[in-house]
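Undergrad: The structure follows.
FYI, it's all coordinate maths here, none of it is from the lab. If you're wondering where the values come from, they're calculated on a predicted model, not measured in any experiment. With ideal geometry, Cβ positions are generated from the backbone for all residues, glycine too; neighbour counts draw on all protein chains shown.
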Amino acid sequence: MASFARSERLALCDTAVSLGPAAPTLCEGWDVKDLLVHLLVRERRPWAAAGIFLPPLAPLLRKSEAAYAAQPLEDLAVRLRDPKGTLYSIAPIDRMINTVELFVHHEDLRRAQSGWAPRTLPAAAERDLWRTLKLLGKGLVRSAGTPVVVSNGTDTATLRGGDEPVTVTGPASELMLFCFGRHQVRGLSFDGPAEKITQLENASLGF
């Protein structure tokens, strides 16, 4: 059975092609083609992608982005569909590193379009996202400015400790998107002091 990371990879490519290169995304300043370029540079030219954080490598990043940007969107999608020749062709590595990356960016495509609706994900995918949220969540909400607890309805995790926390309850998938700073979410409830809820909702979350 294909992993959620693998199925999201294919679904993301299908969505990108159906939307077209110039459609908007939730990533500010990026259209659909820009997002696919980002994913391909990240996977196939990681030394260039490091230019995001290392100024000496920034020229390599720009060169790699330009090379991919010169190709048609359909060709980029074909490349992204098959990670052969990269570490991500190894299923455990793909699951570990790409489950959240591909899910969040797929939703960046979907939720930037008018009339979007949340998907019902397989239970196994929600479990994978919940486990990952418990690992990554403290980093994602470090700038929240208020204590944060998340709950998927059956389990809870403290992401930022302190008195009178805000408890955010909902599906793991929606919690993950919220903690990554996406505000186009559905099915979440917030419990706690009103001023802290407002502070959390206005915080710049994510990496």
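Undergrad: Taking the Kirkwood radius as the inverse of the mean 1/r across Cα pairs, report the Rg/Rh of region 1-101.
TA: Expressed as Rg/Rh, it is 0.96.
Undergrad: If neighbour count is taken as other Cβ atoms inside 10 Å, put E201, E174 in order from fewest to most.
TA: Listed from fewest to most nearby Cβ atoms, that is E201, E174.
Undergrad: Most exposed first by the Cβ proxy, i.e. fewest other Cβ within 10 Å, how do L87, L19 rank?
TA: So the residues, fewest neighbours to most, are L87, L19.
Undergrad: Another one. Strictly greater than 18 Å: what percent of every Cα pair in region 123-202 meets that?
TA: Of all Cα-Cα distances in region 123-202, 31 percent exceed 18 Å.
Undergrad: Check F180: other-chain or 5+ apart residues with amide H under 5 Å from its amide H, H built from backbone geometry?
TA: The answer is none.
Undergrad: Work out from phi, with θ = phi - 60° and the Karplus expression 6.51 cos²θ - 1.76 cosθ + 1.60, the ³J(HN,Hα) of each residue of region 90-106, listed in order in whole Hz, and give x for Gly and Pro.
TA: Once rounded to whole Hz, the list reads 8, 3, x, 5, 4, 5, 5, 9, 9, 4, 6, 4, 6, 4, 4, 6, 5.
Undergrad: In whole Hz, what ³J(HN,Hα) sequence does region 53-59 give by Karplus (6.51, -1.76, 1.60; θ = phi - 60°), x for Gly and Pro?
TA: Per-residue couplings from phi come out as 10, 10, x, x, 9, 4, x Hz.
Undergrad: Okay, moving on. Could you give me the ³J(HN,Hα) list for region 40-45, computed from phi with Karplus coefficients 6.51, -1.76, 1.60 and θ = phi - 60°, whole Hz, x at Gly and Pro?
TA: After applying 6.51 cos²θ - 1.76 cosθ + 1.60, I find 6, 4, 4, 7, 9, 9 Hz.
Undergrad: Here's another thing I want to ask about it. How would you order 109-122, 63-76, 132-145, 32-45 from highest to lowest mean count of nearby Cβ atoms within 10 Å?
TA: The packing order, highest mean first, is 32-45, 132-145, 63-76, 109-122.
Undergrad: What is the set of long-range amide H partners of L159 at a cut-off below 5 Å, with H atoms built 1.01 Å from backbone N?
TA: Sorted by chain and number, the residues that satisfy this are V148, V149, V150.
Undergrad: Which residue, L10, A69, A50, has the largest displacement toward the positive end of the dipole of region 4-110 when charges sit on each Cβ (Lys, Arg +1; Asp, Glu -1)?
TA: It is A50.
Undergrad: Let me ask another. Using Cα pairs closer than 8 Å and at least 6 residues apart in sequence, work out the relative contact order for region 83-191, in percent.
TA: Over region 83-191, the number comes to 20 percent.
Undergrad: Something else now. Determine the sum of side-chain charges near V166: Lys and Arg each +1, Asp and Glu each -1, restricted to other residues whose C-beta is under 13 angstrom from that of V166.
TA: So the surrounding residues net to -3.
Undergrad: What percent of all Cα-Cα pairs in the chain falls into each 5 Å bin, going from 0 up to the bin containing the maximum distance?
TA: 1, 7, 14, 17, 18, 17, 12, 8, 4, 1, 0
Undergrad: Next up: Reachable lysines from K138, Cα under 22 Å, same-chain residues fewer than 8 places away excluded?
TA: K196
Undergrad: Right, next: With the contact rule set at Cα under 8 Å and sequence spacing of 6 or more, what percent relative contact order holds for the chain?
TA: 18 percent
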